[in-house]
């Protein structure tokens, strides 16, 4: 199958608009079915997502597809976003299936947060000349979230992982331990704020937790380095002390030996 041209615009199904009043849908609802594969289950205001439409024909005739699109409840009633493949239509044989090229869906920034409905529309010809516009009868919904939710989800996963690693590190520094505790408290606060859907403050709490963790790591590194340096100085001092003691012992032994070997003076005769 040749590649299809992807149209990233909100498109009107032109044939449908022109012929809607005079021609009914030739393809019955039960003669086709669609399923959708979304690239992400998290849809946020102002974000983009990719969706692939999988089409299964239950029709005994060949279908020629010119347009495939999605209509969302925030759009004008006759508007769709999707693929215009009229220059290179897709031929689906009797009872055949097709996975259309992925479509990029742009979620408007001003769409309301919450649940929205949508349906799939497919336009083409059945057989040689019977026009049809098939509309998916299944009720489909998607959840549009505040973009801060996505930021929160990324942060909360990263902070939770960093806290786990910090706990495993078993900090020696009391200051690092204190900062880790503050990070854990900020993380718990973020979870509580998220339950209240106060995303802005939840994100701020996670950022604070991340800062505490960074500071704790720095404090621990400084402590370990200082302790290592102190240990080195103690070792050097110990070696010097041992050396001094050894020298003193040698001097003492040499001095004693000299005294032992010194000639004894005889008393003078009268």
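The values are calculated or read from the model by the stated rules, or taken from the named source; none is laboratory data. Since the structure is predicted, the reported quantities are computational estimates derived from the model, not experimental observations. Positions of Cβ are generated from backbone atoms using ideal geometry, with glycine treated the same way; all protein chains shown enter the neighbour counts.
Condition check: in the same structural domain as residue 119 (by TED's automatic domain parsing), exposed (fewer than 14 other Cβ atoms within 10 Å of the Cβ) and assigned to a loop (DSSP other than H, G, I, E, B). Does residue 86 satisfy that? It is false that residue 86 is in the same structural domain as residue 119 (by TED's automatic domain parsing), exposed (fewer than 14 other Cβ atoms within 10 Å of the Cβ) and assigned to a loop (DSSP other than H, G, I, E, B). Regarding region 126-140, can at least one residue be identified that is touching a helix residue (DSSP H, G or I) at 6+ places or on another chain (Cβ under 8 Å) and more than 30 Å from residue 64 (Cβ to Cβ)? No, there is no match, as no residue in region 126-140 is touching a helix residue (DSSP H, G or I) at 6+ places or on another chain (Cβ under 8 Å) and more than 30 Å from residue 64 (Cβ to Cβ).
Please verify whether region 145-161 includes one or more residues that are in a strand (DSSP E or B) and closer than 18 Å to residue 76 by Cα. Taking every residue of region 145-161 in turn, none turns out to be in a strand (DSSP E or B) and closer than 18 Å to residue 76 by Cα.
Here the condition is being free of Cβ contacts under 8 Å to residues at least 24 places away in the same chain, under 20 Å from residue 101 (Cβ atoms) and over 33 Å from the mean Cα position of the chain (by Cα); of 35, 86, it holds for 86 alone. Looking across region 162-187, the residues that are touching a helix residue (DSSP H, G or I) at 6+ places or on another chain (Cβ under 8 Å) and not in a helix (DSSP H, G or I) come down to 171, 172, 173.
Here's the yes/no breakdown for (1) more than 27 Å from residue 147 (Cβ to Cβ); (2) part of a strand (DSSP E or B); (3) modelled with pLDDT under 95; (4) within 34 Å of the chain's Cα centre (by Cα):
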site	(1), (2), (3), (4)
11	no, yes, yes, yes
22	yes, no, yes, no
26	yes, no, yes, no
30	yes, no, yes, no
41	no, no, yes, yes
51	no, yes, no, yes
81	no, yes, yes, yes
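Residue 71 falls short of the stated requirement of being in contact with a strand residue (DSSP E or B) (Cβ under 9 Å, 6 or more places away or on another chain) and assigned to a loop (DSSP other than H, G, I, E, B). The condition of being assigned to a helix (DSSP H, G or I), over 20 Å from the mean Cα position of the chain (by Cα) and either modelled with pLDDT under 90 or surrounded by 14 or more Cβ atoms within 10 Å (Cβ to Cβ) (or both) holds for only one of 226, 190, that being 226.
Okay, residues lined up against (1) under 18 Å from residue 109 (Cβ atoms); (2) surrounded by fewer than 20 Cβ atoms within 10 Å (Cβ to Cβ):
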{"position": "39", "(1), (2)": "no, yes"}
{"position": "47", "(1), (2)": "yes, yes"}
{"position": "58", "(1), (2)": "no, yes"}
{"position": "67", "(1), (2)": "no, no"}
{"position": "78", "(1), (2)": "no, yes"}
